[in-house]
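Here is the structure we will look at, set down as structure tokens.
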Amino acid sequence: KSKTFTPSNIPLITVISLIFKFRHLFQVSRDYNQGMTDQEIPEGFKELKIPQPHIENMGPGYYKKEDNQLFMIFFAKAEHSNFYDSAHGGALMALADFCMTSSMMQDRNSLVTTVSFHTEFVAPAPIGSKLLIRCKPTKIGKSLGFSEGDITVDGKTIINFGGVGKIL
């Protein structure tokens, strides 16, 4: 006996999953890179050579060190978005964590891994927006480093973060 599916006998979660999976078919095509030119990269930033594939996938990235602070710039990309067309919190946390541990490095060959990390989400980051990540070490010891920072979009804080890194 064959089974037919009607809207009344399909589980709601299946319907929601299918709508989410195929939502791109119902959206207007957008150029998420529109307006992202090299001219918008602030003076003094350098291109970031990213040694970690999960961060490289989020690039291109740019960085500068100034007044004992590390600044990074990335752009919120569609492939790292959530259902609300803003950057997914996990993607933003990965960038913040990368900036945090990088700020604790003594030089390019230093190794630092995260011990603990905390984040407060304040506002969304729309797809296509320029993410300015700022991180400042508050204490660097022989084996542990402490750092705090934020991510802003157009001067508005979207995330505050901080944590502890193990210096290897």
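The values are calculated or read from the model by the stated rules, or taken from the named source; none is laboratory data. In this text, all values refer to a predicted model and were calculated from it rather than measured experimentally. No Cβ is skipped: glycine too gets one built from the backbone with ideal geometry, and neighbour counts run over all protein chains shown. Side chains included, ligands, DNA and RNA excluded: accessible areas come from the protein's heavy atoms. Shrake-Rupley method; radii C 1.70, N 1.55, O 1.52, S 1.80 Å.
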Could you look at segment 80-168 and say what percent of its accessible area is carbon and sulfur, using a 1.4 Å probe and all protein chains?
55 percent
For the pair residue 136 and residue 85, how long in nm is the line joining their label points, each one 7 Å along Cα→Cβ?
3.6 nm
Taking Rh as the Kirkwood radius computed over alpha-carbon pairs of segment 97-157 and applying Stokes-Einstein at 20 °C with viscosity 1.002 mPa s, one gets a diffusion coefficient in µm² s⁻¹ of 166 µm²/s
In 5 Å bins starting at zero, report the fraction of Cα pairs in segment 59-135 per bin as a rounded %.
3, 14, 25, 24, 18, 10, 5, 1
Largest first, how would 108, 134 line up by accessible area (1.4 Å probe)?
108, 134
Report the extension gain between residue 157 and residue 107 in nm, rounded to one decimal, defined as 0.36 nm multiplied by the number of residues separating them, less their alpha carbon distance.
15.2 nm
As a test question: what accessible area, to the nearest 10 Å², does residue 75 have when a 1.4 Å probe is rolled over all protein chains in place?
20 Å²
State the extension gain, in nm to one decimal, for the chain segment bounded by residue 43 and residue 68, taking 0.36 nm per residue of separation less the distance between their alpha-carbons.
7.2 nm
Which pairs in the list 77/136; 46/142; 136/166; 49/156; 49/142; 130/166 are over 22 Å apart, alpha-carbon to alpha-carbon?
77/136; 46/142; 49/156; 49/142; 130/166
